[in-house]
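Everything on this sheet refers to the single structure shown next.
Only the coordinates and a few stated rules stand behind these numbers; no lab work does. These numbers were taken from a predicted model, which means no experiment stands behind them. As a convention, Cβ positions derive from the backbone with ideal geometry for all residues, glycine included, and neighbour counts pool all protein chains shown.
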Amino acid sequence: MCIRCGEHETPLDRPYCVHCTFAVRAEVEDGLRKLGEYLGAWAAFDAWCAARRRSVASV
Ligand SMILES: [Zn+2]
């Protein structure tokens with residue numbers, strides 16, 4: 001039985017039914033995209049902090 005929908009049978013040794021496999025894959029891809037954006041924002045913030053430290057140190 002599918003662990004996500006609880007309605008459909010799953011292929012042998014698989015946790016999700018065919019329908020949920022595609023849904024979960026889309027959710028994971030979306031999550032990875034959001035994680036990439038999140039980490040990119042932190043990297044930009046780190047660069048901003050480093051630039052600010054340099055400008056403050058030079059004053
Ligand atoms: Zn399912």
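Applying a threshold of 6 Å to beta carbon distances and a minimum spacing of six or more residues, or different chains, the list of pairs starting in segment 19-32 at a residue that is under 17 Å from H8 (Cβ atoms) and ending at one that is hydrophobic (A, V, I, L, M, F, W, C) reads C20/C2; C20/C5.
Would you confirm, using the coordinates I've provided, whether A41 is within 16 Å of the ligand (Cβ to nearest atom), small (G, A, S) and surrounded by 10 or more Cβ atoms within 10 Å (Cβ to Cβ)?
So A41 does not fit the description; no.
Every condition in (1) surrounded by 10 or more Cβ atoms within 10 Å (Cβ to Cβ); (2) of a type in the set (D, E, K, R); (3) more than 9 Å from the ligand (Cβ to nearest atom) is met by D13 except one, and the failing one is (1).
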